[in-house]
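Working notes, beginning with the structure itself.
The values are calculated or read from the model by the stated rules, or taken from the named source; none is laboratory data. Worth saying up front: this structure is predicted, and the values here are computed from it rather than measured. Neighbour counts are summed over all protein chains in view; Cβ atoms, including those assigned to glycine, are modelled from backbone coordinates with ideal geometry. Surface areas here come from the heavy atoms of the whole protein model, side chains and all, with no ligands, DNA or RNA. Shrake-Rupley method; radii C 1.70, N 1.55, O 1.52, S 1.80 Å.
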Amino acid sequence: MRSFVTLSLSLLALTCLMAASPSPVAAQAPQAVAQTPPMGWNSWNFFFGKVTDKDIRDSADQIVATGMKGAGYVYVNIDDTWEGERDANGVLHTNAKFPDMKALADYVHSKGLKIGIYSGPGPKTCAGYAASLGHEDQDAQLYASWGIDYLKYDLCSYGKNMQDEAPGDKAAQMRLMIAAYDKMAKALKATGRPIVFSLCQYGWDAVWEWAPALGGNLWRTTGDVQPNWGSIYNIVSQQEGLEKYSGPGHWNDPDMLEVGNGKLSPAENRTHFSMWAMLAAPLLAGNDLPNMKPEIKAILTNRDVIAIDQDKLGAQGSRIYSDGEVDVWSRHLAGGAMALAVLDAGSDRYSSHPFHLDLGKLGLHGAQTGKDLWTGKTVELTDNMAIELGSHDVLLIRLDTPK
Ligand code: GAL
């Protein structure tokens, strides 16, 4: 009885408090975003500085039409070159390529998708357009008023500000950088809108150590990805040791996908996508969606591979061992499951000879039954079995009940 009275009084007090507060909505903590690595598409890797409002609409249409939306792709992200000039009040306007950002955001939302935008802490973006220095709160409010769901914040010209303000003092420069990212994180939070915050400063100053604390949902771990094998493999190799920094709400970002771009071979596209899944990386496609070839669509919409990437445990995979030019990676998945990737980084079909899979090194005991996620077939793995892979190809296996 006593506890009932206490509870009733507490509820009454709470109700009075709520009635007295002006707007409970603005005060609410934004809902948690990026609980699994963000999935979507970004304009930069195909359109670069030429992207227009129409390209974004067409891409949103294609995400729905190709089944990518059904497979989990949600964010449609406008990268650099949408920005115009600031007016007398400091309000940033779009340039002629993007006549009405609010209307564009409404269009993307009408497809059941979310929209992302790009800026940076310096005076200018990498492509030389207006960035957010001195206008962080104003810009965050503007994005929220448009209905923006994701911000990629790119260091670019702020590097010069850091040098000018603290010449020769690397530690002070780093503190300035952290403060600049923190400023925008707070500005985004103050909007009350859930907005994914993506840090882009190329993996400098061990960003993985400080980005989660200021609310970063993902942070680039390397320089820009390029659509060639050397770049993809180099980036994969650079992710070793970063596993412990990644998890639900805060992810290492080895950069956006190049699947379907440049001269990547079918094997290289498969391996690129497989390894991003093993790394719990954000899956932001960057290809020409209206002209996507069926084999590229098949890679980007492989739901078994996407399920590895989006696994709820959020544990990034690790390279367990290498033998010659073959690397063996594993990833722990929810429910005790496991993903294995065997990658042939060599330049011809025979570079994997004589590769034999060592199950013991993977913590496995004896024969295992799994699924090959590229053929869809059930496979038996035995200790010391010979595996022959084509150049730059991958064997990606899911073991639901590893022993
Ligand atoms: C780079 C960034 C790229 C792209 C480009 C736009 O700094 O790493 O992903 O955003 O700027 O200018």
For region 53-96, build the convex hull from the C-alpha positions and give me its volume per residue in Å³.
-> 77
Residue-normalised accessible area of region 71-158, expressed per residue, 1.4 Å probe, Å² = 34
Note down the accessible area of Lys377, probe 1.4 Å, to the nearest 10 Å².
-> 130
Report, in whole Å, the centroid distance computed from the Cα atoms of region 165-217 and region 55-133.
-> 21
Solvent-accessible area per residue for region 164-237 at a 1.4 Å probe radius, Å²?
-> 42
Could you work out the mean projected area of the convex hull around the alpha carbons of the chain, in square nanometres to one decimal?
-> 25.2
Accessible surface of Asp304 in the full protein assembly, 1.4 angstrom probe, to the nearest 10 Å²?
-> 60
Compare Lys297, Lys50 by solvent-accessible area with a 1.4 Å probe and give them largest first, with all protein chains kept in place.
-> Lys50, Lys297
In what sequence, largest accessible area first, do Glu295, Glu268 appear using a 1.4 Å probe?
-> Glu295, Glu268
Accessible-area composition of the chain, carbon plus sulfur, in percent [1.4 Å probe] | 56
Order the following by accessible area, largest value first: Leu313, Leu155, Leu133. Probe radius 1.4 Å; ligands, DNA and RNA are ignored.
-> Leu313, Leu133, Leu155
Going through Lys97/Lys186; Lys124/Lys263; Lys97/Lys124; Lys69/Lys263; Lys69/Lys152 one by one, the pairs whose alpha carbons sit over 24 Å apart turn out to be Lys97/Lys186; Lys124/Lys263; Lys69/Lys263
For every helix of n ≥ 4 consecutive DSSP H residues, a contribution of -39,500 (n - 2.57) applies; sum these over the chain, divide by its total residues, and give [θ] at 222 nm rounded to the nearest 500 deg cm²/dmol.
-> -9500 deg cm²/dmol
One would report the Cα pair-distance distribution of region 196-268, bin width 5 Å, in %, as 3, 17, 27, 21, 15, 11, 5, 1
Computed over region 239-386, protein heavy atoms only, probe 1.4 angstrom, the accessible area per residue in square angstrom equals 39
At a probe radius of 1.4 Å, what is the per-residue accessible area of Lys102, in Å² to the nearest 10?
-> 80
Take every Cα pair under 8 Å in region 271-403 that's 6+ residues apart, average their separations, divide by the length, and report that relative contact order as a whole percent.
-> 24
For Tyr202, the net charge from surrounding residues (Cβ-Cβ under 14 Å; K, R +1; D, E -1) works out to -3
How far is helix 53-65 tilted off the main Cα axis of the chain, in degrees rounded to 10, range 0 to 90?
-> 50
How many lysine pairs in region 272-403, separated by 8 or more positions in sequence or lying on different chains, have Cα atoms less than 20 Å apart?
-> 6
